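Before I ask anything, let me first share the structure, which is written out below as structure tokens.
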Amino acid sequence: MWFRPMSRIEGRYSRLHRRLHWATALTLPVQGLLGWLSERVDDALLGKALMAAHLQLGVVLLVLLALRLTVRFWQPTPPPPLGDPRWQQRIAAVVHATLYALMVLLPLSGLVLWAWMRTPLDLFGLLHVAPVLSTRPDDETSLVIGWYLHVWGAWALAGVAALHVGAALWHQWIVRDRRILDRM
């Protein structure tokens, strides 16, 4: 079965939880690289193509996030591993909440930037979406705020994701507690 209800005895996330998690985890670095490269290449045509790919992948990540949030509310998460100190559980909760908040903030700020670009979004050649926000050309405040939120939010997401990965690897290799990676 493609997804199955979570077993609280196993303490693992459901197969659907795990697939959505790893799809997001593997897609986010590619998304960040596309955005970063699109602003740094000398060839304008290549920069435009990289930005188009960045926008398209952003929509994919937004869909993945919507699915993850839906599944998270539909299927409860397993309880934290027994024996973990309370402070570790609190830090893990804050890190996860921050990851989700940033994964919401980045597409929203990207939407503001896309509105300022005033170009339609081509979704893999299947769907053309016109800009959904209108902007006033004489007011660049929303552009500047959107840009800072998007760029610094992306760096914050990279840092928090690195902390998340580092904690998982710390549990796996230093503490030698396989329960964390086994859950996901």
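Could you check how much of the accessible area of the chain is carbon and sulfur, as a whole percent, using a 1.4 Å probe? Please report the intermediate quantities before stating the final value.
Values: 8510 of 11930 Å².
The computed percentage sits at 71.
Determine the shape class of the chain: with a ≥ b ≥ c the square roots of the Cα gyration tensor eigenvalues, call it rounded for a/c under 1.5, and otherwise prolate if a/b is greater than b/c, oblate otherwise.
It comes out prolate by the Cα gyration axes.
Work out the FRET efficiency for ALA167 and ILE145 from their Cβ-Cβ distance, taking R0 = 41 Å, and round it to the nearest 0.05.
Once the sixth-power term is evaluated, E becomes 0.85.
Let me ask you something else. Output ³J(HN,Hα) for segment 98-112: one whole-Hz value per residue in order, computed from phi by the Karplus curve 6.51 cos²θ - 1.76 cosθ + 1.60 with θ = phi - 60°, and x for Gly and Pro.
Values, residue by residue: 5, 4, 5, 4, 5, 6, 8, 4, 5, x, 5, 5, x, 5, 4 Hz.
Give the relative contact order (percent, whole number) for the chain; include only Cα pairs under 8 Å separated by 6+ residues.
Values: 152 pairs, mean separation 40.6, N = 184.
Averaging sequence separation for qualifying contacts and normalising by length gives 22 percent for the chain.
Accessible area per residue of the chain at 1.4 Å probe, in Å²?
Here the per-residue accessible area is 65 Å².
From the phi angles alone, apply the Karplus equation (6.51, -1.76, 1.60; θ = phi - 60°) to segment 169-183 and give each ³J(HN,Hα) in whole Hz, x where the residue is Gly or Pro.
Each residue of segment 169-183 in turn: 5, 4, 4, 5, 9, 8, 6, 6, 10, 6, 4, 5, 5, 5, 5 Hz.
The values are calculated or read from the model by the stated rules, or taken from the named source; none is laboratory data. Computed from a prediction, not measured in an experiment: that's the story for all the values here. Virtual Cβ from ideal backbone geometry, glycine too; neighbours counted across all protein chains shown. Side chains are part of the model used for accessible areas, which takes the heavy atoms of the whole protein and leaves out ligands, DNA and RNA. Shrake-Rupley method; radii C 1.70, N 1.55, O 1.52, S 1.80 Å.
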